[in-house]
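Encoded as structure tokens, the structure appears first; notes follow it.
The values are calculated or read from the model by the stated rules, or taken from the named source; none is laboratory data. What you see is a predicted model, and the numbers here were worked out from it, not measured in a lab. Cβ placement follows ideal geometry from the backbone for every residue including glycine, while neighbour counts extend to all protein chains displayed. Note: accessible area is taken over every heavy atom of the protein model, side chains too, but ligands, DNA and RNA are not part of it. Shrake-Rupley method; radii C 1.70, N 1.55, O 1.52, S 1.80 Å.
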Amino acid sequence: MTHSFIAYIDESGDDGITNFRKAGTGGTSQWLTLSCYLVSRANDLNLVQWRDGITSQFKRKKRNNLHFCDLDYTQKIFACRAVAQHPARLFSVMSNKTTIPDHPRKDLFVRKNTLYWYLARYLIERIAEYSAGRHNKKPDGSGSVKIVFSRRGGMDYSDFR
């Protein structure tokens, strides 16, 4: 059986739940966000062209990646509008980590990567619900999804599996 979709997943933030960063100070981020860019298998080969179409509008060194945080306001608006024009779906799950220390079960999220795994589960559920509902409209597969996670420093991938 072949897959119909490819889900590219990346995160922003970290999973620490103490010593939150305030303006002008160090510390952990207040939010952890996991996002997915879901494309059909047929459009997967277009991703590089789509990225290059966006970055060609910016005066910057040629790079193989595009990080939203590196863009100025005008570039962010342009990039968002360009991404919205492509036949793909975006899914995100977010955790405001400042609420976790007050949670009665905060001990669940003390171990490194546990919050990441927890959010990944919710993200995958959303992706699966979408793809399962669309599989009858896709002639190139069953609605199944190939999931590609970005490399994450400090992640024990055997635990994650």
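See the values below:
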{"item": "Among Val83, Val93, Val48: highest mean-square fluctuation, GNM of the chain, C-alpha pairs under 10 Å", "result": "Val48"}
{"item": "Residue of Asp44, Asp70, Asp14 that the Gaussian network model of the chain assigns the largest fluctuation, springs spanning Cα pairs under 10 Å", "result": "Asp70"}
{"item": "Cα-based Lys pair tally, the chain, threshold under 30 Å, eight or more apart or on separate chains", "result": "16"}
{"item": "Surface per residue (accessible, 1.4 Å probe) for the chain, Å²", "result": "65 Å²"}
{"item": "GNM result for the chain, Cα springs below 10 Å: residue of Asn113, Asn64, Asn96 fluctuating most strongly", "result": "Asn64"}
{"item": "Trypsin sites (Lys or Arg not before Pro) within segment 29-68, DSSP loop, no more than 12 other Cβ atoms inside 10 Å", "result": "Lys59, Arg60, Lys61, Lys62, Arg63"}
{"item": "Three-way shape call for segment 1-127 based on the alpha-carbon gyration tensor, with the a/c threshold at 1.5", "result": "oblate"}
{"item": "Heavy-atom accessible surface of the chain: percent carbon and sulfur, 1.4 Å", "result": "54 percent"}
